[in-house]
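Notes follow the structure.
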Amino acid sequence: MKNLSAQNISFTDFKLIGFQSLEEWRPFLFIPFFLMFILSISANSTLIYLIVSQKSLHSPMYVLIGLLSAVDLILPILFVPNMLLSLLFNWNGISLTGCLIQMFGLHFFGAFQSTLLLWMAIDRYFAICKPLYYNKYMEFSNFLKFVVVPVIRNAVLVISVVALAGKLSFCVTNIIDHCFCEHMALVLLACGDISINNLVGLLTAFLIPTADCILVTASYAVIFASVFRSGKAHRKAINTCITHLIVMSVTLTLALTAFLSYRIKNKFSPNSNVFVSTMYILFPSCFNPIVYGVRTKEIRQTFLKFINNLKVLPLSKETTDVTLNRTQ
């Protein structure tokens, strides 16, 4: 009778209790995650402002960097505020609908982040390997051909993952040992067969970030081969591509580790799983503005000019006030 009644129960409210085993040390995690959140918000907001306000940065490559910054700005906002409130005040409740919405947002924008890196690799390929055709292929109408298919792929796979999760009945418990609604962290609480959810989740992981990473690596391999064949010392291009590959590899490694940790036997503690899952979202959001912004010469020069203008404005205002006082 107990089992029968348990199966008839389907929880619609959940509690996110990531890092719960740390007990009294848990609130101290607020500091590093809060600092990373502030870094992500401020750095990405500044980068977006510079690209939008400066006409010199309205070329395809910088527009893509601006879109990447917009995604990196949205992703932490989707879960970090709730996580910080949970760490500090134990405010950890979330409805099933809210959980599914958060899951969709995190996975969709995370997939879009991966796809933007692919588009940026395509942009670099045409700029370095086929510079005479760059303007032709990077026109908006032509570039849409590279955009439509990955976006449809991302939307279909992520909607499938979330829709399948929403159909489940959750009768095991309503405690999610995570800081946000990660797909498998929620699905593992369901009663009944979850093999389809598991399979679709794995397909999504390998068809989006893994496939994009392989294509990006292939693009950069062609770029390296072209540079070395030409005999030109494109140190800037090589350094940029290597940096992009390192950041992308770290992010992909963290993402795959998080996805696979719920599906295979491992010695990872729950805290380790939560930390890795959190970092594969926060890490790129914090470091992409540095890699794609600060290390890009044109953006760096624009930023320095912007800072210098801010310093000049108060001085010019003070000079004007002194002049007015003297004339009076």
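Over the Cα atoms, compute the radius of gyration (one decimal) and Dmax (the largest Cα-Cα distance, rounded to a whole number) for the range 20-106, in Å.
Using the Cα atoms of the range 20-106, the pair Rg, Dmax is 16.5, 51 Å.
Looking at the chain from every direction and averaging, what is the projected area of its Cα convex hull in nm²?
Average of the hull's projected areas for the chain equals 23.7 nm².
Helix 195-205 sits at what angle to the longest principal axis of the chain, using alpha carbons and giving 0 to 90 degrees rounded to 10?
Roughly 10 degrees between the two axes.
Rolling a 1.4 Å sphere over the protein heavy atoms, what is the accessible area per residue of the chain, to the nearest Å²? Show your work: numbers first, answer last.
Details: 17610 Å² over 328 residues.
With the other protein chains kept in place, the chain gives 54 Å² per residue.
Could you sort the peptides 15-23, 135-143, 113-121, 74-82 by per-residue average Cβ neighbour count (10 Å cutoff), highest mean leading?
Values: 15-23: 17.4, 135-143: 12.6, 113-121: 22.7, 74-82: 19.1.
So the peptides 15-23, 135-143, 113-121, 74-82, ranked by packing, come out 113-121, 74-82, 15-23, 135-143.
Could you tell me what percent of the accessible area of the chain is made up of carbon and sulfur, with a 1.4 Å probe and every protein chain present?
Working: 12000 of 17610 Å².
It is 68 percent, rounded to a whole number.
Around Ala121, what is the net charge, scoring Lys/Arg as +1 and Asp/Glu as -1 over all other residues with Cβ under 14 Å from its Cβ?
Taking every other residue near Ala121 into account, the sum is 0.
Can you tell me which of 253-259, 294-300 comes out highest on packing, and rank the rest after it, using the mean Cβ neighbours within 10 Å? Write down the numbers at each step before the final one.
Details: 253-259: 19.7, 294-300: 15.0.
My ranking of the peptides, most packed first, is 253-259, 294-300.
On a 0 to 90° scale, report how tilted helix 270-289 is relative to the longest principal axis of the chain, with both axes built from alpha carbons and the result rounded to the nearest 10.
So the inclination is approximately 20 degrees.
Just name one of Leu245, Phe104, Asn82: the one whose Cα is farthest towards the positive end of the charge dipole of the chain (beta-carbon charges, Lys/Arg +1, Asp/Glu -1).
Leu245
Which residue, Leu186, Ala258, Ala211, has the largest displacement toward the positive end of the dipole of the range 141-294 when charges sit on each Cβ (Lys, Arg +1; Asp, Glu -1)?
Ala211
Taking the Cα atoms only, what angle lies between the long axis of helix 211-230 and the longest principal axis of the chain, rounded to 10 degrees?
Computed tilt is about 30 degrees.
If you put +1 on each Lys and Arg Cβ and -1 on each Asp and Glu Cβ, how big is the dipole of the chain around its Cα centre, in Debye rounded to 20? Let's see the in-between values first.
Values: 24 positive and 13 negative charges, 237 e Å.
Dipole size: approximately 1140 debye.
Taking R0 as 30 Å, what's the FRET efficiency between Val250 and Arg229 from their Cβ-Cβ distance, rounded to 0.05?
On the way: r = 29 Å, r/R0 = 0.97.
Computed FRET efficiency for Val250 and Arg229: 0.55.
Counting only helical runs of four or more DSSP H residues, what would the 222 nm mean residue ellipticity of the chain come to if each run contributes -39,500 (n - 2.57) and the total is spread over all its residues?
Details: 12 runs with 240 residues, N = 328.
Using -39500 (n - 2.57) per qualifying helix, the result is -25000 deg cm²/dmol.
The values are calculated or read from the model by the stated rules, or taken from the named source; none is laboratory data. All figures in this text were calculated on a predicted structure; none of them were measured in a lab. Heads up, the Cβs are rebuilt from the backbone with ideal geometry, glycines too, and the neighbour counts pull from every protein chain shown. When the accessible area is computed, the model is the full protein with side chains, heavy atoms only, and any ligands, DNA or RNA have been set aside. Shrake-Rupley method; radii C 1.70, N 1.55, O 1.52, S 1.80 Å.
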